[in-house]
Amino acid sequence: MTKSMSNEPPVRTRFAPSPTGHLHVGGARTAIFNWLFARHHGGTFIVRVEDTDQARSTRESERMVLDDLRWLGLHWDEGPDNGGPHGPYRQSERSSLYSSVVDQLLALGHAYPCFCSEDVLEAKRREAEADGRPPHYDLTCRGLTPAEIDARVRSGATSAIRFHVPKAGGSAVAGDVTIADLIRGEVTWKADSLGDFIVRRSDGMPTYNFCVVVDDHDMQISHVIRAEEHLTNTHRQVLLYRALGWETPKFAHVSLILGQDRSKLSKRHGATSVAAWAVDGYLADAMLNYLTLLGWSPADGIELFDRESAVRAFSLERVNSAPAVFDPQKLAWVNGQYIHKLTAAELWELTKPRFATAGWLREDSPEARAWFESAIALSQKGTSTLADFIPALAPMFEFAVDDVLADQEADSILREEGTESFVAQIVDELKANGTPRDGDEYKAFVERLKSLSGRKGKPLFMPIRVAMTGRAHGPELVALVPLLEAGSGLRGLAPIASPLSRAEALLDGLRARGGR
Ligand code: GLU
């Protein structure tokens, strides 16, 4: 990890969610980049809750967002729950700081009270639009004298506070702004493009652009890494920094995330909240890996990395300014790679609640655990999410002879000449010598059937598979048959039909069908 250069301020980044729902994919990616950047530089990662929109913000959402960040493994050094030297870390609890900075702006002559009512402002905005003028504030209140202001306040009028946007030449600070965005390069705004904007509404609520500046300054944020949609706010924010005589942080605006149709990622594209992906059986490490790749790529081009490697390799220089496309198939592939690397014991811990919900795990006994671990190991290769273990294991728990007979592939195997009597041979063999309990016993069993029936290859194995498992496909029989046998009657598990009972039921079904 590289320490920041000595003449640079220490690296401090923040993720500043507005708690109005779950953490979504875009927010998570922003949080990840902030976290990676801070960790790479041995800096500090902060979570600040931007809950000034009281109508939409909820504590419940804050809890969900923090839970989702925790699930992703993004530990924050300072935040609303663990505090820190620059707290509180919820904007709703920082009003006294905002008030004092508003007073500072007023005292410095960079802001003024505006008594215009919303109705009047709206009418003027419409008028300006109709005339093809920019809908900027017409400065009615900018020229009020202290005496006029006093008189209005005494008469009980309420006022918003507006920032005086300096226009080049006409004021102490010119209003043109150029930033060197660490992702997008140089970005410039002209003072003329901006009207005098509100920093505190007439109801006393400070505005987003104002709070962000006060907080980023107070929390000594060195790098503001955030979504591209906030780029236009940066003009206002830099003007506030200048007016207050504060050093501006470095900015890095991360590009949009698009759906595969290249429109902005939204609910239309499926699950967008991190929690929904977790429910679908995605692993936090895989999610972190995939989201890191949305707009960033390591120099070595290796796409699968653990978090330590990502921390080591991360730099803003390698963040792409072009939009990233969210590709669920790629995410599933990445997730599959992580699933395949886990041990059966690790997967058991992760899948256990799902098996309990499915009703298959009734008691978490050591026997049940051992059985599930074997079942997991047998199915692991074909799964790419934790949820995939449910359909993968379902054939072990769910057996109905009618379903077997109704299955097209199983049916075509069963309808081949002589299959019914071969199934009868299988049943007899199982009854005579018992069901194989391990790989060697299974191989001996197959050898016996081979010489008894004279069958080999597919005509030997396919009827064995259908008769003893109830499916035309599945994991290798040498492991599956002993597993089904071990599972039947095992404590802690939902009832599992043994290979013999499956074969017997199927034989009955075939005879009944044949006799119709
Ligand atoms: N609260 C803002 C949001 O959730 C972020 C503001 C910022 O990062 O400056 O979009």
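The values are calculated or read from the model by the stated rules, or taken from the named source; none is laboratory data. Since we're looking at a predicted model, the values are computed, not measured. Cβ coordinates were reconstructed from backbone atoms using ideal geometry, including for glycine residues, and neighbour counts include every protein chain displayed. Ligands, DNA and RNA are stripped out before the accessible areas are found, and what is left, the full protein with its side chains, is counted by its heavy atoms. Shrake-Rupley method; radii C 1.70, N 1.55, O 1.52, S 1.80 Å.
Residue by residue through region 312-358, note down the ones that are in a helix (DSSP H, G or I) and open to solvent by less than 10 Å² (accessible area, probe 1.4 Å). L316, L331, V334, N335, G336, I339, L347, W348, T351, F355 - these are the residues of region 312-358 that are in a helix (DSSP H, G or I) and open to solvent by less than 10 Å² (accessible area, probe 1.4 Å). In the set F33, F15, only one residue is under 17 Å from the mean Cα position of the chain (by Cα) and closer than 23 Å to M205 by Cβ; that residue is F15.
For region 66-81, the count of residues that are within 16 Å of the ligand (Cβ to nearest atom) and under 20 Å from H230 (Cα atoms) is zero. Suppose the filter is of a type outside the set (S, T, N, Q), in contact with a Leu (Cβ under 9 Å, 6 or more places away or on another chain) and over 30 Å from L316 (Cα atoms); does V165 pass it? Spelling it out, V165 is indeed of a type outside the set (S, T, N, Q), in contact with a Leu (Cβ under 9 Å, 6 or more places away or on another chain) and over 30 Å from L316 (Cα atoms). Within region 242-287, the set of residues being within 15 Å of V25 (Cβ to Cβ) and in contact with an Asp or Glu (Cβ under 9 Å, 6 or more places away or on another chain) comprises V254, S255, L256, Q260, R268, H269, A271, S273, V274, A275, A278. Which residue is farthest from G87 (Cα to Cα), if the candidates are limited to region 230-242 and must be hydrophobic (A, V, I, L, M, F, W, C) and within 13 Å of the ligand (Cβ to nearest atom)? If we take residues in region 230-242 being hydrophobic (A, V, I, L, M, F, W, C) and within 13 Å of the ligand (Cβ to nearest atom), then L231 is farthest from G87 (Cα to Cα). When restricted to residues that are more than 13 Å from F197 (Cα to Cα), of a type outside the set (A, V, I, L, M, F, W, C) and either free of Cβ contacts under 8 Å to residues at least 24 places away in the same chain or in contact with a Pro (Cβ under 9 Å, 6 or more places away or on another chain) (or both), region 119-151 contains 15.
For region 285-307, the criterion of a residue being among the basic types (K, R) and touching a residue at least 24 places away in the same chain (Cβ under 8 Å) is satisfied by at least one position. Of all residues in region 373-399, those that are free of Cβ contacts under 8 Å to residues at least 40 places away in the same chain and open to solvent by less than 60 Å² (accessible area, probe 1.4 Å) total 7. Taken over region 43-63, residues that are open to solvent by 40 Å² or more (accessible area, probe 1.4 Å) and either part of a helix (DSSP H, G or I) or touching a Ser or Thr at 6+ places or on another chain (Cβ under 9 Å) (or both) amount to 7. For H86, the criteria (1) more than 15 Å from the ligand (Cβ to nearest atom); (2) under 21 Å from V319 (Cα atoms) hold in every case but one, which is (2). Do the conditions hold for P249, that is, is it more than 13 Å from the ligand (Cβ to nearest atom) and within 31 Å of the chain's Cα centre (by Cα)? Considered against the rule, which asks whether it is more than 13 Å from the ligand (Cβ to nearest atom) and within 31 Å of the chain's Cα centre (by Cα), P249 comes out as no. Only a single item in (1) part of a loop (DSSP other than H, G, I, E, B); (2) modelled with pLDDT of 95 or more; (3) farther than 24 Å from K264 by Cβ; (4) within 14 Å of the ligand (Cβ to nearest atom) is not met by T13, and it is number (1). Within region 201-229, restricting attention to residues that are among the aliphatic types (A, V, I, L, M) and either near the ligand (Cβ under 9 Å from one of its atoms) or within 26 Å of A324 (Cβ to Cβ) (or both), which residue is surrounded by the fewest Cβ atoms within 10 Å (Cβ to Cβ)? My answer is A227. Quick check on my filter: what residues within region 277-301 are modelled with pLDDT of 95 or more and among the hydrophobic types (A, V, I, L, M, F, W, C)? Result: W277, A278, V279, L283, A284, A286, M287, L288, L291, L293, L294, W296.
In region 217-235, the residues that are within 19 Å of W35 (Cα to Cα) form Cβ pairs under 7 Å with partners that are near the ligand (Cβ under 8 Å from one of its atoms), at six or more places apart or across chains, as follows: M219/R14; I221/R14; V224/D216; I225/T30; R226/T30; A227/T30. For region 254-302, the set of residues classified as under 30 Å from P353 (Cα atoms) and charged (D, E, K, R) consists of K267, R268, D280, D285, listed by residue number.
G195 meets the conditions (1) more than 14 Å from the ligand (Cβ to nearest atom); (2) open to solvent by 20 Å² or more (accessible area, probe 1.4 Å); (3) over 21 Å from the mean Cα position of the chain (by Cα) in every case but one. The failed one is (2).
Among the residues of region 452-474, is there at least one that is basic (K, R), part of a helix (DSSP H, G or I) and out of contact with any Gly (no Cβ under 9 Å at 6 or more places or on another chain)? Yes - at least one qualifying residue is present in region 452-474. Within region 28-42, restricting attention to residues that are small (G, A, S) and open to solvent by less than 10 Å² (accessible area, probe 1.4 Å), the residue that is farthest from the ligand (Cβ to nearest atom) is A38. The residue list A275, A271, A174 contains one member that is in contact (Cβ under 8 Å) with a residue 60 or more places away in the chain and either open to solvent by 50 Å² or more (accessible area, probe 1.4 Å) or among the aliphatic types (A, V, I, L, M) (or both), which is A275. Checking each residue in region 481-506 for being open to solvent by 10 Å² or more (accessible area, probe 1.4 Å) and not in a loop (DSSP other than H, G, I, E, B) picks out P482, L483, E485, A486, L493, L500, S501, E504, A505. Picking from D403, D407, D440, which residue would you name as being open to solvent by 40 Å² or more (accessible area, probe 1.4 Å) and free of Cβ contacts under 8 Å to residues at least 60 places away in the same chain? Checking each option against the conditions leaves just D440.
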